[in-house]
Amino acid sequence: MSRSFIMLVDDENLFVETLSKRLEKRDFEVLQALSGAECLEKLKANETIEVIVLDVKMPGMGGIETLMEIKKVFPLIEVIMLTGHATIESAIEGMKRGAFDFLMKPCDIDELTSKIKDASDKKRQQEEKIKDAVKRETLAKYGSFYYA
């Protein structure tokens, strides 16, 4: 299995640093962002990101707003919402807006890594389906000589 490329987005720098180290030890490639705006900026330059672990409660652009922007521009990227201030309402809102899953801080590292792997697998499967559909469409349009 290839490495998963993820981004951690949280306004708590120490939390991001610590969790990044723990995830890198588990063979994840981790990019960090300390705000929703920074997350969106970094996504434009990093097409390899598969999963974003996103804090719900951040100053400025909050997690739900950031999630909506991510899904608008990068619909295949999976987002796991993470918060210490979870409410049922924010969990439901995140899931309605396309979040892959929702975890409470502090979360178990094994549970988080399992969710990240599942989210990464889902993104890769979606990309394969799209590639297959493009290939079928191309074959239907131009015939099999196109791939010869």
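The values are calculated or read from the model by the stated rules, or taken from the named source; none is laboratory data. Remember, it's a predicted structure, so these values are computed and weren't measured experimentally. When we count neighbours, we look across all protein chains shown, and the Cβ atoms used for this are built from the backbone with ideal geometry, even at glycine.
Taking the criterion of being surrounded by fewer than 17 Cβ atoms within 10 Å (Cβ to Cβ) and more than 14 Å from the chain's Cα centre (by Cα), would at least one residue in segment 92-103 satisfy it?
So far as segment 92-103 goes, yes, one or more of its residues are surrounded by fewer than 17 Cβ atoms within 10 Å (Cβ to Cβ) and more than 14 Å from the chain's Cα centre (by Cα).
Considering only residues that are surrounded by fewer than 16 Cβ atoms within 10 Å (Cβ to Cβ) and either hydrophobic (A, V, I, L, M, F, W, C) or touching a His at 6+ places or on another chain (Cβ under 6 Å) (or both), which ones fall in segment 18-56?
Ala37, Ala45
Please note which helices (runs of 4 or more DSSP H) are completely contained in segment 1-114 and include at least 1 residues that are polar (S, T, N, Q) and touching a residue at least 40 places away in the same chain (Cβ under 8 Å).
63-73
Would you call Glu65 within 15 Å of Gly98 (Cα to Cα) and surrounded by fewer than 22 Cβ atoms within 10 Å (Cβ to Cβ)?
For Glu65, the condition - within 15 Å of Gly98 (Cα to Cα) and surrounded by fewer than 22 Cβ atoms within 10 Å (Cβ to Cβ) - is met.
Could you please let me know if Lys131 is farther than 17 Å from Phe5 by Cα and either in contact (Cβ under 8 Å) with a residue 24 or more places away in the chain or buried (at least 16 other Cβ atoms within 10 Å of the Cβ) (or both)?
So Lys131 does not fit the description; no.
For segment 56-110, which positions are hydroxyl-bearing (Ser, Thr, Tyr) and in contact with a helix residue (DSSP H, G or I) (Cβ under 6 Å, 6 or more places away or on another chain)?
Once the filter is applied, which keeps residues that are hydroxyl-bearing (Ser, Thr, Tyr) and in contact with a helix residue (DSSP H, G or I) (Cβ under 6 Å, 6 or more places away or on another chain), segment 56-110 yields only Thr66.
Residues of segment 59-101 being modelled with pLDDT under 90 and closer than 24 Å to Arg22 by Cα, which ones?
Scanning segment 59-101 gives Leu82, Thr83, Gly84, His85, Ala86.
Can you find, within segment 123-140, the residue that is farthest from Glu78 (Cα to Cα) among those that are under 24 Å from the mean Cα position of the chain (by Cα) and charged (D, E, K, R)?
Looking at residues that are under 24 Å from the mean Cα position of the chain (by Cα) and charged (D, E, K, R), I get Asp132.
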